[in-house]
2 protein chains.
Amino acid sequence: MKWSGWGVEGVAFNPDNKPAFAPFVKKAVGLDLSVPAVPPAEFSDLTLPSTTIDDDFLGRLAAIVGADNAITENKSRLVHTYGKSIRDLIRIRASDLPRMPDVVLYPADEGQVAQIVELAVAQNAVVIPFGGGSNIAGSLTPNEGEARVVISLDLGRLNDVVSIDEGSGLARIQAGAQGPRIEEQLNERGWTMGHFPDSFTHSTLGGWVATRSSGMQSDKYGDIADITRGLRMVRPNGIVSIRPVPSASTGPSVREMILGSEGRLGVITEVTVQVHRVPEVREINGYLFPNWEAGIAAMHEISESDAHPTVTRVSDARESGFSFATGKEKTGFDPQKVLMAFLEKRGWDLEGINLSFIGFEGSKSHVAYEKKIVARIVKKHGGLGVGKGPGVLYDQKKFDTPYLRDFLLDRGAAADVSETAAPWSRLNEIHDAVYAAANEAYEQIGTPGWIMSHLSHSYHSGACLYFTFAFVHDGENAIAQYDVVKRAIQQAFVDHGGTISHHHGVGREHSPWLEQDISTEGVALMRGLFESADPKSNFNPDKVLAD
Amino acid sequence: MKWSGWGVEGVAFNPDNKPAFAPFVKKAVGLDLSVPAVPPAEFSDLTLPSTTIDDDFLGRLAAIVGADNAITENKSRLVHTYGKSIRDLIRIRASDLPRMPDVVLYPADEGQVAQIVELAVAQNAVVIPFGGGSNIAGSLTPNEGEARVVISLDLGRLNDVVSIDEGSGLARIQAGAQGPRIEEQLNERGWTMGHFPDSFTHSTLGGWVATRSSGMQSDKYGDIADITRGLRMVRPNGIVSIRPVPSASTGPSVREMILGSEGRLGVITEVTVQVHRVPEVREINGYLFPNWEAGIAAMHEISESDAHPTVTRVSDARESGFSFATGKEKTGFDPQKVLMAFLEKRGWDLEGINLSFIGFEGSKSHVAYEKKIVARIVKKHGGLGVGKGPGVLYDQKKFDTPYLRDFLLDRGAAADVSETAAPWSRLNEIHDAVYAAANEAYEQIGTPGWIMSHLSHSYHSGACLYFTFAFVHDGENAIAQYDVVKRAIQQAFVDHGGTISHHHGVGREHSPWLEQDISTEGVALMRGLFESADPKSNFNPDKVLAD
């Protein structure tokens, strides 16, 4: 990954073939895209703190993993300092680096992880497990004033599908394996895990488990908490090994204690996940709704129906407008224009259109059957099916949004996301409250700001609402400005029955709201678990709960 | 509930109209049902330990709940001493009562529960929450040598559906509500929770949550862990309040810490559960398979298919034979006989038939659609659909088995159950291993014994195997004999990839195998949670983990 942004070098958002984009941005946040970008500083311009590890300790760590895999070189320490939130990117680009890890270790296997953990705890060092580095909740950053040696434990070499139990639909996979590598190895043998978070291309299985991730197709495949059946986690005195059983009544679930633990209980080395046979047919279809309420009501009715789609997603009018604005220029016949003319004739407010995607999988006849059930519900709520075309496009572009975020950051705009989950009956209320809170925050910081939203991840009793917000920051106070907006949104979540994060974890970014979310006594139980498991705070301190 | 057995007075198993039953029992365990039963002793014959609570403490507790709801009377203390395992029944009938609770409290509301908990901890008393008393894992029994005052906290007065969020499919229900009352109150308004454990008629929502229960229709509705969205639990310093969100990434799940905690973390007072609209059609259909392997393979293929039945269940040849033997006498035309003749002609081994039930719910057309998918799979595995008749019978009798267990106990036979869950690929292995282990145990205790099994609760990657075992005990050593058999079965579970309990909890009955199941380090994490939450072991000590 680039040290200063998302993804691999050479890939970037390209506005040139998207004529509606610049006017859209100008209108939304007042940013003029014709003004040249200010690219991030060169790596060589950064001021970096030196490693504090002494030769003896480093030597003993290098003896475990090999000298080539115990790195104190600056660039490696830098990319292991932060995740990829807008806060992280602003700080790293500004050389705001009070504490970098002292050493980055790349163990080859679980045995080496166990040796590192044992030695680190004996030396009272700090261990921060590192997967793909895509986290946006501040879960990877060492404490500013950390006086102990900080080890970033990169699981990147533990990256294989170990075995597939084809008779059960279970795969043992090493925790450091990234999304594409997992699906590639599974697909080769006819299987899929079905877990596709936005970060898929750069995040790892261990990271997904440690942050309780959820993928785009969770309606069918479940959240990572459902997909995860077995686990192995290295602790100072040995390995927690949870065998892959489909369900159990064996006391408070230790599997669920590890899920979401963000490195505070130990280092996850291997996960046994549910895998499914690659379906005969996989389709994502586009739908339009005349307004947000109709879209939500349709998604709710689908979740209660006999159909089981893989994806249910509906963007509000603003996000739909954004999607239309990032469309490529059409030459010749433009079906979208024809459609819009048709809808206008039928009395739709074109500014209020809500774009929706619904995914189907299974046999050909099953997909046809479910599409029919869904079509009936969509129609009942005044919606309209627009076929596979938009779905194919959505599928192609689904992992690209972070590149756009970096494009905007190069031009002085800060953009990030916050998401929640709540009961169906409260989604409209939350949507309105978050918009009001964000707009009030923009007023407070004196900048025109943008916010847009979609519903995704439907469950029987509720769904996830996902918000994207952006504004032109003033440089010096960028992070303070961001905090005003982000805090307003998070507070609106908990004030209106939503949780503080549906799938990005807690880290440091969301921990201030945890007591309001799961109650003071709920946090006390969690703290008791952390403190009993890690009395000297050697494992990723200060994350999930502030120490 | 009867103090000496299951269910209400006046209801009992009746063998008179089941001509095949007595010969079946004679052959299975050597018990002659023509020998008269020895009914349990009279209550007045029991020797009961006195309460140890002093007047001052009792007076303060009575001041909270009212004198009528602070009971030190013997019969009430007796029925709050044990659950309903065979061990419990043998002990209670033998006056084996080393420690009964000193007082049974019936709080009226959560506020009274909080006052009790606060006072109990201040007085260093023991609090054992009590729901329906149906537990078979030893989760309710005070420690033999307990020197402190033991309070049985009966939630029976907290028994209402508080409210239904019809816009979300969520119901707030008090923890002490029993199955029938919950479904009655929900059904009146068109909803169902869909949770039907074997104990349904006498168990409570709080008990289901505290033991991670699972109901017969879990294939559709989920285990109680899935159904439970929000929770309230009283702790010494306040209330843990988990709001009903459909999913969250907020660190190790506190909801999941409370699920399965068996009273060790506090007293569950209220649960917000998912509820579903009562379906248009609900059907359970019968199927026959020529052998066990075919039945299992069909259930597995159904779990991977596009169909989503509510119930998938298949009994092995022994349990199927048992079912046939408990059938009522037919006069005139007997379709079962006709069917058997037909199958014999087609070459089936009638002794090897596996009886299966599969449930369907939804619209009329949806049930027809899913039945077609299932029929194709059943046929592929050599099975045969036998229609709704057997399903109706199964549905009527599904809660009656415990009465049969008491009938046998009155006649000197000990019967109980053990169940596990494991990956699909290991189910046959476990089935064989458990049979071998049980038979070896019977040989060891020198008694002919019986064991039978069914698969139920299918998941994507595995299923539950449920074993029922019985033997004629020798009176004096009944419990020692039971231990030999039970231990052999539990050891076979963990030796072959199964968990120690799928839905009955851990209590004391299963805790000896917990380290083998979730690893020593997994148990250490759990112990850290318990000890940090309850440093003086005031809450149901010694359960889940031995103190």
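Can you tell me how the stretch A:11-55 classifies by the Cα gyration tensor, rounded, prolate or oblate, using a/c under 1.5 as the rounded cut? Prolate shape, in that a/c is at least 1.5 and a/b is the bigger ratio. Neighbours of A:ILE284, meaning other residues whose beta-carbon lies under 14 angstrom from its beta-carbon, give a summed charge of +2 when Lys and Arg score +1 and Asp and Glu score -1. Is the shape of the stretch B:403-457 rounded, prolate or oblate, going by the alpha carbon gyration tensor and its root eigenvalues a ≥ b ≥ c, with a/c under 1.5 for rounded and a/b larger than b/c for prolate? Since a/c reaches 1.5 but b/c is at least a/b, the shape of the stretch B:403-457 is classed as oblate. Report, by chain and number, residues whose modeled amide H sits under 5 Å from the one on A:ALA463, excluding near sequence neighbours (fewer than 5 apart, same chain). Those qualifying (amide H under 5 Å, at least 5 residues apart or on another chain) are A:ALA422, A:TRP424. Between A:ARG99 and B:GLU188, the modelled label-to-label distance comes to 5.8 nm, taking each label 7 Å out from Cα in the direction of the beta carbon. Against the compact-protein benchmark of 2.2 N^0.38 Å, the Cα-based radius of gyration of the stretch B:289-388 scales to 1.13.
For chain B, the longest principal axis of the Cα atoms and the long axis of helix B:427-445 meet at an angle of about 70 degrees. Taking both sides together, the accessible area buried where A meets B is about 6300 Å² for a 1.4 Å probe. Taking the 1.4 Å solvent-accessible surface of the protein assembly as shown as the whole, the part contributed by carbon and sulfur is 51%. Among the listed pairs A:LYS26/A:LYS486; A:LYS345/A:LYS372; A:LYS18/A:LYS337, which have their C-alpha atoms separated by more than 24 angstrom in this model? Among A:LYS26/A:LYS486; A:LYS345/A:LYS372; A:LYS18/A:LYS337, the Cα-Cα distance tops 24 Å for A:LYS345/A:LYS372.
Rounded, prolate or oblate: pick one for the stretch A:50-205, where a ≥ b ≥ c are the square roots of the eigenvalues of its C-alpha gyration tensor, a/c under 1.5 means rounded, and failing that, prolate if a/b is larger than b/c, else oblate. Intermediate results must be reported in sequence, preceding the final value.
Numbers: a/c = 2.69, a/b = 1.45, b/c = 1.85.
Because a/c hits 1.5 or more and a/b fails to exceed b/c, the stretch A:50-205 counts as oblate.
Across the copies of the chain, B:THR520 has label points (7 Å from Cα along Cα→Cβ) spaced 4.0 nm apart, shortest distance listed first. Using only side-chain charges placed at the Cβ, +1 for Lys and Arg and -1 for Asp and Glu, the dipole size of chain B relative to its Cα centre rounds to 1320 debye. For chain A, the longest principal axis of the Cα atoms and the long axis of helix A:364-380 meet at an angle of about 60 degrees. Averaging 1/r over each pair of different alpha-carbon atoms in the protein assembly as shown and inverting the result gives 30.9 Å, the Kirkwood hydrodynamic radius. Taking the Kirkwood radius as Rh and the Cα radius of gyration as Rg, chain B has a ratio of Rg/Rh equal to 0.96. Taking other residues whose beta carbon is less than 10 angstrom from the beta carbon of A:THR468, and scoring Lys, Arg as +1 and Asp, Glu as -1, yields -1. Taking θ as phi - 60° and the Karplus parameters 6.51, -1.76 and 1.60, the scalar couplings of the stretch A:187-194 work out to 4, 3, 9, x, 10, 9, 8, x Hz in sequence order, x denoting glycine and proline.
The magnitude of the dipole of the protein assembly as shown, with charges of +1 and -1 set on the Cβ of Lys/Arg and Asp/Glu and taken from the Cα centre, is near 2580 debye.
On a straight-distance basis, which lysines could pair with B:LYS75 in a cross-link, Cα separation under 26 angstrom, same-chain partners fewer than 8 positions away excluded? Result set, ordered by chain and number: B:LYS2, B:LYS84, B:LYS543. Measuring from the axis that maps chain A onto chain B, the chain A residue with the nearest beta carbon and its rounded distance in angstrom come out as A:GLU256, 2.
Looking at the P(r) of the stretch A:48-106, how many percent of alpha-carbon pairs lie beyond 14 Å? Mind showing how you got there, number by number?
Working: 945 of 1711 pairs.
Pairs farther apart than 14 Å: 55 percent.
The label point for A:GLU429 and the one for A:ASP349, both projected 7 Å from the Cα toward the Cβ, are 2.3 nm apart.
Sequentially through the stretch B:92-105, phi angles give Karplus couplings (6.51, -1.76, 1.60; θ = phi - 60°) of 5, 5, 9, 6, 7, 10, x, 8, 9, x, 7, 8, 10, 10 Hz, Gly and Pro residues having no value and appearing as x. Entry comment: accessible area of the protein assembly as shown is 36 Å² per residue, from protein heavy atoms only and a probe of 1.4 Å. Sequentially through the stretch B:509-521, phi angles give Karplus couplings (6.51, -1.76, 1.60; θ = phi - 60°) of 5, 10, 4, x, 9, 5, 5, 5, 7, 10, 6, 4, 6 Hz, Gly and Pro residues having no value and appearing as x. Spherically averaged projected area of the convex hull of Cα atoms, the stretch B:492-547: 3.9 nm². Report summary: the helix-based calculation at 222 nm, which adds -39500 (n - 2.57) for every DSSP H run with n ≥ 4 and divides by the residues of chain B, gives -10500 deg cm²/dmol. Across identical copies of the chain, B:ARG189 has label-point separations of 4.9 nm, listed in ascending order, with the point defined 7 angstrom from Cα along Cα→Cβ.
Between B:ALA63 and A:ALA368, the C-beta separation translates, for a Förster distance of 51 Å, into a calculated FRET efficiency of about 0.15.
Given the stretch B:235-357 reduced to its alpha-carbon atoms as identical point scatterers, what log10 I(q)/I(0) does the Debye formula return at q = 0.09, 0.10, 0.16, 0.17 Å⁻¹? At q = 0.09, 0.10, 0.16, 0.17 Å⁻¹ the computed log10 ratios are -0.52, -0.61, -0.93, -0.98.
Remark: relative contact order (the stretch A:59-182) = 26 percent; criterion is Cα-Cα distance under 8 angstrom and separation of 6 or more residues. Be a star and scan the stretch A:71-95 for residues whose amide nitrogen sits under 15 Å from the point 7 Å along the Cα-to-Cβ vector of A:VAL38. So the set is A:90-95. Of the trypsin sites (Lys or Arg not before Pro) found in the stretch B:485-547, the ones in coil according to DSSP and having at most 15 other Cβ atoms within 10 Å of their Cβ are B:LYS536.
Mean sequence separation of contacting Cα pairs (under 8 Å, at least six apart), scaled by the length of the stretch B:167-324, corresponds to a relative contact order of 27 percent.
With contacts taken as Cα pairs under 8 Å at a separation of at least 6 residues, the stretch A:57-118 carries a relative contact order of 45 percent. Equivalent-ellipsoid semi-axes for the stretch B:400-547 (Cα gyration tensor, √(5λ), whole Å, largest first): 27, 21, 14. In loop segments of the stretch B:270-359 as defined by DSSP, the chymotrypsin sites (Phe, Trp or Tyr not before Pro) with at most 15 further C-beta atoms inside 10 Å of their C-beta are B:PHE333. Using Cα atoms only, what is the angle between the long axis of helix A:478-495 and the major principal axis of chain A, expressed in degrees (0 to 90) to the nearest 10? For A:478-495 against chain A, the angle is about 70 degrees. Distances between copies of B:GLU166, taken at a point 7 Å out from Cα along the Cα→Cβ vector and listed shortest first: 5.2 nm.
The values are calculated or read from the model by the stated rules, or taken from the named source; none is laboratory data. These numbers were taken from a predicted model, which means no experiment stands behind them. Every residue, glycine among them, receives a Cβ derived from its backbone with ideal geometry; neighbour counts consider all protein chains shown. The accessibility values were calculated without ligands, DNA or RNA, using every heavy atom of the protein model including side chains. Shrake-Rupley method; radii C 1.70, N 1.55, O 1.52, S 1.80 Å.
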